[in-house]
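What follows is a short report on a single structure.
Read-outs: derived from the displayed coordinates by stated rules, not from any lab. Keep in mind the model is a prediction, meaning the values are calculated, not measured. Positions of Cβ are backbone-derived with ideal geometry, glycine not excepted, and every protein chain shown enters the neighbour counts.
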């Protein structure tokens, strides 16, 4: 079975990759990608069932935080049932989306800004080294340079130092990191293509 | 297009040859503090009966972001094998449903390799949410309520990584983080106990002893990096001299 799954995965990978280089393979490539998209949609359903199973199990065992798990399952099932009966365009579902889901995500985003500020404050307490100091100084320069005064940019920092730091040093460093990440992605992809890494059934 | 194909074939050939070579000679890897801490944390969690939480981000496997998740799965496979017999087995989470399925498959493979497949619990591999923030909220819940001693974040994370990092800090849980996303990397640099920057993320398998193909990948990356450096310098010199 493992050999069979490996053969399917490697063949699919080679055909999809080959489709970018050989036009004759493009129709098969498109077909395989469409199958992958359909399977991904189905996997979303499986993922939701997994979420329900995990939290139902927590409620059944009365584990720590099981009240929140119960709330999650009830809210999930209720939204699913109402969504199926009323359809997503119904005003009630729009209220649920605009009045509950979006504000909760927005609140998390607001919390994020506080978390990031707190993380920056903690950084020097956790790791007092030269790179941490550079990180903090760079962040302060970018913040000061981005802030505007009633008469315009902060002199020197906003007009000279911030563009120099962000467009030369930071951009150069970011490109270096991204090239490194791209090389890592390439070799990881090739390992999966060779079947050396098999996340779909172990090796 | 032919040039791209030729380069790809050359890299694939190089990877194969170096993998065969690495099978014979042991790898020598530079010290990366995050991996040193990870290996130490792995041992400590088994000794003190706590869990490791490995979270693989919300990168879709249908695009380039999936590669970092694949690197995370390689690491998960090793961790699952080593902690499978522990009283508190590791928990893995993901924010993408197909990745969640692979997480379960990988955990099971780790248990199989350790010879204790009967101990595998399917709910230890989880999908915690389908959007970045709902995923982060679910992952925060695991570190708070499930006796976790270390959170290992490896995959595609954006700024929402700060929420998981904050939850780890509140619960005094060790956090080791890596992301292929620049915003995620900067957040993890500021908030994790140890962060992996750039391509260090893809070294997880090699540092945990996943096999010759992983150490060969690092060597190939080094070779390619030098070629890119030479190409950049050559291109800059050519531009400076007015060649093009």
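Label points 7 Å out from Cα along the Cβ direction at residue B:2 and residue A:77: separation in nm?
Modelled inter-label distance: 6.4 nm.
Given R₀ = 25 Å, what would the calculated FRET efficiency be for residue A:63 paired with residue B:112, taking r from the Cβ atoms and rounding to 0.05?
Once rounded, the FRET efficiency stands at 0.40.
Quick one: Cα centre-to-centre distance for the stretch B:123-198 and the stretch A:35-93, in angstrom?
About 22 Å separates the Cα centre of the stretch B:123-198 from the one of the stretch A:35-93.
Can you sort A:122, B:30, B:126 from fewest to most other Cβ atoms within 10 Å of each residue's own Cβ? Before the final figure, lay out the partial values.
Values: A:122 15, B:30 9, B:126 25.
By the 10 Å Cβ count, ascending: B:30, A:122, B:126.
May I ask for the distance between the Cα centers of the stretch B:1-50 and the stretch A:139-203, given as a whole number of Å?
23 Å
So how do B:240, A:22 line up by other beta-carbon neighbours within 10 Å, fewest first?
Working: B:240 8, A:22 13.
Ranking B:240, A:22 by Cβ neighbours within 10 Å, fewest first, gives B:240, A:22.
Using a 10 Å cut-off around each Cβ of peptide B:130-138, what is the average number of partner chain Cβ atoms that fall inside?
Working: counts 4, 3, 3, 8, 6, 0, 2, 5, 4.
Mean inter-chain Cβ contacts per residue within 10 Å come to 4.
Over chain B, what relative contact order in percent results from Cα pairs under 8 Å that are six or more residues apart?
On the way: 418 pairs, mean separation 53.4, N = 244.
Answer for chain B is 22 percent.
Modelled label-to-label distance, residue A:139 and residue A:111, 7 Å Cα→beta-carbon offset: nm?
A separation of 1.9 nm, rounded to one decimal place.
Would you mind classifying chain A by shape? Square roots of the alpha carbon gyration tensor eigenvalues, ordered a ≥ b ≥ c; an a/c under 1.5 is rounded, otherwise it is prolate if a/b is larger than b/c and oblate if not.
Details: a/c = 1.93, a/b = 1.22, b/c = 1.58.
Oblate, since a/c reaches 1.5 and b/c is not below a/b.
From the C-alpha gyration tensor of the stretch A:1-99, pull out the three semi-axes of the equivalent ellipsoid (sqrt of 5λ each), sorted largest to smallest, in whole Å.
Values: eigenvalues 312, 96, 16 Å².
Calculated on Cα positions only, the semi-axes equal 39, 22, 9 Å.
Report the label-to-label distance for residue B:21 and residue A:147 in nanometres (one decimal), using points 7 Å from each Cα along the Cα→Cβ vector.
Going from the residue B:21 label point to the residue A:147 one covers 5.4 nm.
Would you please put B:35-41, B:68-74 in order of how densely packed they are, using the mean number of other Cβ atoms within 10 angstrom per residue and starting with the highest? Could you put the intermediate results ahead of the total?
Details: B:35-41: 17.0, B:68-74: 29.0.
Final packing ranking: B:68-74, B:35-41.
Using Cβ counts within 10 Å as a stand-in for footprinting exposure, how do A:54, A:104 rank, fewest first?
Working: A:54 23, A:104 13.
So the ranking, lowest neighbour count to highest, is A:104, A:54.
Compute the acute angle (0 to 90°) between the alpha-carbon long axis of helix B:97-114 and the principal axis of greatest extent of the alpha-carbon atoms of chain B; round to the nearest 10°.
The angle comes out at about 80 degrees.
Assign one of three labels to the protein assembly as shown, namely rounded, prolate or oblate, based on the Cα gyration tensor with a ≥ b ≥ c the square roots of its eigenvalues; rounded applies when a/c is under 1.5, prolate when it is not and a/b is larger than b/c, and oblate otherwise.
Values: a/c = 1.37, a/b = 1.08, b/c = 1.26.
Rounded, since a/c falls under 1.5.
Counting each DSSP H run of 4 or more residues in chain A as -39500 (n - 2.57), what helix-only mean residue ellipticity at 222 nm follows after dividing by all residues, to the nearest 500 deg cm²/dmol? Each step should come with its number before you reach the end.
Working: 7 runs with 148 residues, N = 203.
Rounded to the nearest 500, the figure is -25500 deg cm²/dmol.
Helix-derived [θ] at 222 nm for chain B: sum -39500 (n - 2.57) over DSSP H runs of at least 4, divide by residue count, nearest 500?
Working: 9 runs with 142 residues, N = 244.
It comes out at -19000 deg cm²/dmol, rounded to the nearest 500.
Cα axis of helix B:161-170 to longest principal axis of chain B: angle in degrees, 0 to 90, nearest 10?
On a 0 to 90 degree scale, this one is about 40.
State the percent of C-alpha pairs, over all pairs in the stretch B:30-210, separated by a distance greater than 31 angstrom. Intermediate values should be presented prior to the final figure.
Details: 730 of 16290 pairs.
Of all Cα-Cα distances in the stretch B:30-210, 4 percent exceed 31 Å.
So if we plug the beta-carbon distance of residue A:48 and residue A:174 into 1/(1 + (r/R0)^6) with R0 = 41 Å, what FRET efficiency do we get, rounded to 0.05?
Details: r = 36 Å, r/R0 = 0.88.
So, using R0 = 41 Å, E works out to roughly 0.70.
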